[in-house]
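*Asks:* Structure provided below as structure tokens; questions to follow.
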Amino acid sequence: MLEFPYAQIGSRQVFRPIFPLWLEAENGNRKMLDVLADTGADTIEFPARIARDLAIALPPVSEGYLRSSSGEIRPYYSVPLVLEVRGSNTIVLWSARVSFSEKSTRNLFGQQGGLEFFHAHFLGQEHRLLLDPQSNLPGVP
């Protein structure tokens, strides 16, 4: 079981389930990002600049469109990555396709490729997120 304290946003008493996620591209480049565990997000989604940081060439044509919670429609590009989450005594690695979009502004850890492989427990009053890896977690090729 992986446990993460919620992050406090600004000086207000706003807390969010944000945790560190390591990304590794096929070219071996790695980057750690803070991601928001978002049960309403369909995929793991990042701004396209993150792909550029990892020296990933995005496909020339988008694979489709994502709709944000505010209704904004944005094209996305899907790329396979190795993902890593680290807990106090646990490292979880898996491969998944993640989405990049020029119009994205947040790092979202959504259902496809992410939350679908974990039992997620959002302990709002305690300001903690628990992620329990499940048996359907794919390996790393």
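Nothing in this text is a laboratory measurement; each read-out follows from the coordinates by a stated rule. Remember, it's a predicted structure, so these values are computed and weren't measured experimentally. A quick note on method: Cβ atoms are made from the backbone with ideal geometry, for glycine too, and the neighbour counts reach across all protein chains shown.
*Asks:* DSSP beta bridges in the chain, what fraction antiparallel, as a percent rounded to 5?
*Replies:* 85 percent
*Asks:* Given an 8 Å cut-off on Cα distances and at least 6 residues of separation, report the relative contact order of the chain as a percent.
*Replies:* Relative contact order, the chain: 30 percent.
*Asks:* What trypsin sites (Lys or Arg not before Pro) does the stretch 82-122 have in DSSP loop regions with at most 16 other beta carbons within 10 Å?
*Replies:* Passing sites in the stretch 82-122 are 103, 106.
*Asks:* Which of 96, 41, 55 moves most in a GNM of the chain, Cα contacts under 10 Å?
*Replies:* Between 96, 41, 55, it is 55 that shows the largest mean-square fluctuation.
*Asks:* Next up: Subtract the Cα-Cα distance of residue 136 and residue 12 from 0.36 nm times their separation in residues, and report this length gain in nm to one decimal.
*Replies:* Gain on extension, residue 136 to residue 12, equals 40.8 nm.
*Asks:* Among 77, 65, rank each residue by its count of other Cβ atoms within 10 Å, from fewest to most, as a rough exposure measure.
*Replies:* Working: 77 20, 65 11.
Arranged by neighbour count, lowest to highest, 77, 65 become 65, 77.
*Asks:* Could you calculate the FRET efficiency of residue 125 with residue 91 from 1/(1 + (r/R0)^6), where r is the beta carbon distance between them and R0 is 25 Å, rounded to 0.05?
*Replies:* Calculated transfer efficiency: 0.30.
*Asks:* In whole angstrom, note down how far apart the Cα centers of the stretch 116-137 and the stretch 1-74 are.
*Replies:* Going from one Cα centre to the other spans 17 Å.
*Asks:* What is the magnitude of the charge dipole of the chain about its Cα centre, with +1 placed on the Cβ of each Lys and Arg, -1 on the Cβ of each Asp and Glu, and no other charges, expressed in debye to the nearest 20?
*Replies:* Magnitude of the dipole: close to 360 debye.
*Asks:* OK, next. Connecting C-alpha atoms closer than 10 Å in a GNM of the chain, tell me which of 43, 105, 90 has the biggest fluctuation.
*Replies:* Maximum among the listed residues: 90.
*Asks:* For the pair residue 61 and residue 34, what calculated FRET efficiency results from E = 1/(1 + (r/R0)^6), where r is the Cβ-Cβ distance and R0 = 35 Å, to the nearest 0.05?
*Replies:* On the way: r = 30 Å, r/R0 = 0.86.
With a Förster radius of 35 Å, E is 0.70.
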